[in-house]
């Protein structure tokens, strides 16, 4: 086990070499060894923090590996975020422009933009340009 630990430590250094933060993704075999080593050390009374220090990885990373997940891989990119539907309340109120034949609306976008005093078409065009 000690020889494997030494090899693991060398591989961690190699994966982190030349990088400012974090490392390259760890191969499945290395993650499996780290989890086995963690379980053996904990069975002998050791802690996750001790194992993380010996292995050269963070404690949260070990927790994720133990759960079978790869840290940082489940995050969605901004372009992949889902668009949620939001409830809309439609109501009317008489305004000077509305009485003159031009209906004005008040629109609040999901991101918090509030548009009022424009026609429905102008408000929709503005929100499209803002990317809402």
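The values are calculated or read from the model by the stated rules, or taken from the named source; none is laboratory data. This structure is a prediction, so every number in the text was calculated from the model and none was measured. Heads up, the Cβs are rebuilt from the backbone with ideal geometry, glycines too, and the neighbour counts pull from every protein chain shown.
If you filter the stretch 40-88 down to residues that are more than 27 Å from the chain's Cα centre (by Cα) and loosely packed, with under 12 Cβ neighbours inside 10 Å, you find that the one that is modelled with the lowest pLDDT is 88.
Looking at 8, 33, which one is surrounded by 12 or more Cβ atoms within 10 Å (Cβ to Cβ) and modelled with pLDDT of 85 or more? Spell out how you get there, then give the answer.
Working: 8 fails: modelled with pLDDT of 85 or more.
Of the residues listed, the single one that is surrounded by 12 or more Cβ atoms within 10 Å (Cβ to Cβ) and modelled with pLDDT of 85 or more is 33.
Quickly run through the stretch 108-123 and pick out the residues that are within 29 Å of the chain's Cα centre (by Cα) and free of Cβ contacts under 8 Å to residues at least 24 places away in the same chain.
Looking only at the stretch 108-123, we keep the residues that are within 29 Å of the chain's Cα centre (by Cα), and these are 108-114.
108, 109, 111, 112, 113, 114, listed by residue number.
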